[in-house]
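What follows is a set of notes on a single structure, which appears directly below.
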Amino acid sequence: MKLIILTGANKGLGEAIFDIIKNSKNVNLLIITRKNVKDQHELSKKSNIQFINKDLSEIENVDFITTKIDFANTKELVFINNAATISPIGKIGSFINSDIYKTIKINTLFPLLLINSICKNGNGMKLNIINISSGAAKHAIDGWSLYCATKSCNEMFFKVLKKETKNDNNIQIHNIDPGVMNTDMQKEIRAKSQAEFPDVESFISLEKENKLRKVEEVAFQIINEFEVL
C-alpha cells in the first residue's frame, strides 16, 4: 500500500494538492495540518485518511507521528514537505527570539526530524520525497533572512540524502521551486511596509499584472510529474 504524508493541507498549495488526492483509492493519507481542512469531519470517516491537527512549531519530536505509519505494510511512502511560514519578515536584529525558534521549527526542524525517522524505520520501502522549496533557497532577499535560511537548509539536507542514497533505486528526492503563487503568503508579503521588505512593490506588481501562478495548476503538475499517486 502507498502512504502519502502531506503537511500544510488547510490552505494554499497544500490545500490544492489535498483536493486532488483526497478521493484517491488504494492509497493511505496522513494529513498534518494546523487547522482543519474543509469537510474534515466527514473525510475522517474514511478508513484510509488520518488527520493530525498540530502546529508544527509545537511538535518537539516526531515519535507520535511515526507511530501512525504502518511500516510493515507500507510498500511506498510519499512525503510532500509543504508547510512553511515566511514570518517574521524584517531586518536581522528586529526579531523576537521566540519567533526565530518558531520559524525554524515549522520550516526545517520538523521535516528533518520526520525524514530521519522514516529513513531509520523504513528499510526496503520505496520513498518519494517532494520538498516544496523556493527561489529564496538560492537568493538572498532583504527581510527574508529566516525564510531564505530555512529553505536553503532543507534543500541541502535533501541533496545530501540524495547523494547518500544515489545507488538506491527505491529512493527519489525532488527539490521543487513552484514559482510565485497566488496564496495567503503572497497577501502577507504585499501587506508589509517598504521598511520591512524593500522589494514589496515588485510583489504588488505581480498581483496587479496577474502574474501569480494558480495553486491548482501547480498542484496538478506536481502530482503528475513526480508520481504522487
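All of the numbers you see were taken from the coordinates with simple rules; none came from a lab. Values in this document were obtained by computation on a predicted structure and should not be read as measured data. All Cβ positions, even for glycine, are placed from backbone atoms using ideal geometry, and neighbour counts span all protein chains on display.
Specify which labelled value, from [x] 0.94; [y] 1.01; [z] 0.96, agrees with Rg/Rh (Cα atoms, Kirkwood Rh) derived from the coordinates of the model shown.
Identified label for the calculated read-out: [z].
Test of understanding: ordering 108, 33 by Cβ neighbours within 10 Å, fewest first, what list do you get? Don't skip to the end; give the middle numbers.
Numbers: 108 21, 33 24.
In order of increasing Cβ crowding within 10 Å: 108, 33.
Holding the Cα-Cα limit at 24 Å, pick out from 68/163; 11/187; 11/46; 54/166; 102/208; 187/211 the pairs that are longer than that.
Cα-Cα > 24 Å for 68/163; 54/166; 102/208; rest within.
Please arrange 185, 1 by counting, for each residue, the other beta carbons lying within 10 Å of its beta carbon, fewest first.
Fewest to most other Cβ atoms nearby, the residues stand as 1, 185.
Which helices, counted as full DSSP H runs in the chain, have an axial Cα extent of no less than 24 Å and a Kyte-Doolittle average of 0.5 or above?
Result, helices passing both filters: zero.
In whole angstrom, how far apart do the alpha carbon centroids of the stretch 155-187 and the stretch 95-150 sit?
10 Å
Can you sort 96, 104 from fewest to most other Cβ atoms within 10 Å of each residue's own Cβ?
96, 104
Output ³J(HN,Hα) for the stretch 56-72: one whole-Hz value per residue in order, computed from phi by the Karplus curve 6.51 cos²θ - 1.76 cosθ + 1.60 with θ = phi - 60°, and x for Gly and Pro.
4, 6, 9, 8, 7, 8, 10, 4, 5, 7, 5, 5, 7, 9, 8, 4, 5
Out of residues 5 or more away from residue 181 or on other chains, whose amide H comes under 5 Å of its own, with H placed 1.01 Å from N in the peptide plane?
Amide H neighbours of residue 181, under 5 Å, 5+ apart: 213.
Sorted by average packing, counted as other Cβ atoms within 10 angstrom per residue and highest first, what order do 135-141, 16-22, 39-45 take? Could the numbers behind the result be given before it?
Working: 135-141: 13.9, 16-22: 20.1, 39-45: 11.3.
Highest to lowest by the protection proxy: 16-22, 135-141, 39-45.
Kindly provide the helix-only [θ] at 222 nm of the chain, computed as the sum of -39,500 (n - 2.57) over DSSP H runs of four or more divided by all residues, to the nearest 500 deg cm²/dmol?
-10500 deg cm²/dmol
5 Å is the cut-off here: which amide hydrogens, built 1.01 Å from N in the peptide plane, fall below it relative to residue 77, excluding neighbours closer than 5 in sequence?
Amide H neighbours of residue 77: 3, 126, 127, 128.
What are the residues whose amide H is under 5 Å from the amide H of residue 49, where those residues sit 5 or more places off or on another chain and H is modelled from the backbone?
29
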